[in-house]
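Note sheet for the following structure.
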Amino acid sequence: EVIQLQSRILIDESLLSSALQGVLHPQIGRTEGEQVCGQENFGQGIYFTDTSSKADSYTTGSQKAVFISQVVLGDPEILIKPMNHLTSPPNRKDSVIGKPSPGNLNYDEAVVYDDDATILEFLVLYR
């Protein structure tokens, strides 16, 4: 089942939950410093991936859900090692892109630190 929410498409791994916790609105609406995932490679940001298997690994329960989102990355900082202390992109950049590298990152991910850089487009429900 695909539910269109709004008008580069990425899957928001930080919002994967069968409960969905009332986030069916145009913006993610996290409060400053709120941590969604247990272990974040690039600090307290909003995480996205274009690798569906990575996104699926964050789902639980028999009813699974992923958001398909538009994300504005601007001028990203490309990193190959985790920097889990970040609260904003380093070096005056707009976002972070994590590239897979042996012994560090297994999957690609993009991180923004401002929910205005995201638009949730679709909610995909699956089993």
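Readers should treat all values here as calculations from the given coordinates under stated rules, not as data from a laboratory. Here the structure is a predicted model, which is why all the values come from computation and not from measurement. Here the Cβ is made from the backbone with ideal geometry for all residues, glycine too, and neighbour counts use every protein chain on show.
Numbers at a glance
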| read-out | value |
| --- | --- |
| FRET efficiency estimate (nearest 0.05) - Cβ-Cβ, residue 107 to residue 78, R0 22 angstrom | 0.90 |
| Rg ratio (alpha-carbon, reference 2.2 N^0.38 Å) - the range 87-127 | 1.52 |
| 3J(HN,Hα) from dihedral phi, the range 77-85, Karplus parametrisation 6.51/-1.76/1.60, rounded to Hz, x for glycine, proline | 8, 8, 10, 10, 10, x, 9, 6, 8 |
| Local net charge near residue 77, Cβ-Cβ under 13 Å (Lys/Arg +1, Asp/Glu -1) | +1 |
| Kirkwood-Stokes translational diffusion coefficient of the range 49-127, alpha-carbon pairs, 10 °C, 1.306 mPa s, µm²/s | 114 µm²/s |
| Cα-based reach from residue 93 at 27 Å (exclusive), listing lysines while leaving out same-chain residues under 8 positions away | 54, 81 |
